[in-house]
1. Being at pLDDT below 95, open to solvent by less than 20 Å² (accessible area, probe 1.4 Å), not in a loop (DSSP other than H, G, I, E, B) and not acidic (Asp, Glu) is the requirement here; does Ser113 meet it?
2. Can you tell me which condition Asn136 does not meet? The list is (1) at pLDDT 85 or above; (2) among the polar types (S, T, N, Q); (3) open to solvent by 80 Å² or more (accessible area, probe 1.4 Å), and all the others hold.
3. State whether one or more residues within the range 72-80 are surrounded by 11 or more Cβ atoms within 10 Å (Cβ to Cβ), of a type outside the set (Ser, Thr, Tyr) and at pLDDT 90 or above.
4. May I ask you to list pairs of residues, at least six apart or on different chains, whose Cβ atoms are under 8 Å apart, with the first in the range 20-48 being surrounded by fewer than 11 Cβ atoms within 10 Å (Cβ to Cβ) and the second being modelled with pLDDT under 85?
5. Give me the pairs, please: first residue somewhere in the range 84-110 and within 21 Å of Asp16 (Cα to Cα), second residue anywhere and part of a strand (DSSP E or B) and open to solvent by 40 Å² or more (accessible area, probe 1.4 Å), beta-carbon distance under 7 Å, and either six or more positions apart or on two chains.
6. So which pairs qualify, if the first residue must be in the range 4-18 and at pLDDT 85 or above, the second must be open to solvent by 30 Å² or more (accessible area, probe 1.4 Å) and of a type in the set (A, V, I, L, M, F, W, C), the Cβ gap must be under 6 Å, and the two must be at least 6 apart or on different chains?
7. For Tyr105, state whether it is over 11 Å from the mean Cα position of the chain (by Cα) and open to solvent by less than 10 Å² (accessible area, probe 1.4 Å).
8. Among strands (runs of 3 or more DSSP E) lying entirely in the range 1-93, which contain 1 or more residues that are among the β-branched types (Val, Ile, Thr) and under 19 Å from Tyr105 (Cβ atoms)?
Amino acid sequence: MAKFYPTRAKSFHGSDGESLVYRALQKLDDSYTVLHSYRWLGEAGHHRSEGEVDFLILHPGQGILAVEVKAGGISFKDGTWVQINRQTRTEKEIDPLGQAAESQYRLLSLLRSKLPRASCPLVCRAAWFTSVLLKNNIPLPLEATRAILLDEDALEHPKEALDQAFAYWPIKTG
């Protein structure tokens, strides 16, 4: 089983989605390290003094994946991601890939300041929508590709979904 930090999740911040992903990631082998609710401090002079990513998934052969989790109904309409609360049916604009990107770039900045550039691992991002099934032919925003959007099916086969997300980035960022 993957190594988890903290070793036991004390809180999922009221997110059923985070709980589902946490359980799914327990299916991974011990080559993975999973950091749940990873908090980071921003750099002086930047617009964010701190932030958090739902999961950082580390694999020695693939790199580091920052994953933002969203549960409930998810749609993309009029140029905006929307999350629909299943109980109240209220809609809220969200930016899951933007949230993951902030963590991705902050972590990359930290690593580059500590490691020689040649030894810095791949750091990439994804979003995990735990309550929906994404079809391969659905229209997506320009900042998204199906490879980095995990859905309800990925809960059953997390390794394959993570492999797909990691595989997308080296070609694009190398």
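1. no
2. (1)
3. Keep residues of the range 72-80 that are surrounded by 11 or more Cβ atoms within 10 Å (Cβ to Cβ), which gives 72-76, 80.
Checking which are of a type outside the set (Ser, Thr, Tyr) leaves us with 72-74, 76.
With at pLDDT 90 or above added as a condition, the list becomes none.
Scanning the range 72-80 turns up no residue that is surrounded by 11 or more Cβ atoms within 10 Å (Cβ to Cβ), of a type outside the set (Ser, Thr, Tyr) and at pLDDT 90 or above.
4. Pairs found: Arg39/Glu50; Arg39/Gly51.
5. Partner pairs satisfying both residue conditions: Ile84/Glu91.
6. Partner pairs satisfying both residue conditions: Tyr5/Leu35; Glu18/Phe12.
7. In short, no.
8. Working: elements: 3-5, 33-41, 50-59, 63-70, 73-77, 80-84.
The qualifying strands (runs of 3 or more DSSP E) are 50-59, 63-70.
The values are calculated or read from the model by the stated rules, or taken from the named source; none is laboratory data. These numbers come from a predicted model, not from an experiment. Virtual Cβ from ideal backbone geometry, glycine too; neighbours counted across all protein chains shown. We work out accessible area using only protein heavy atoms, side chains counted, and drop any ligands, DNA or RNA first. Shrake-Rupley method; radii C 1.70, N 1.55, O 1.52, S 1.80 Å.
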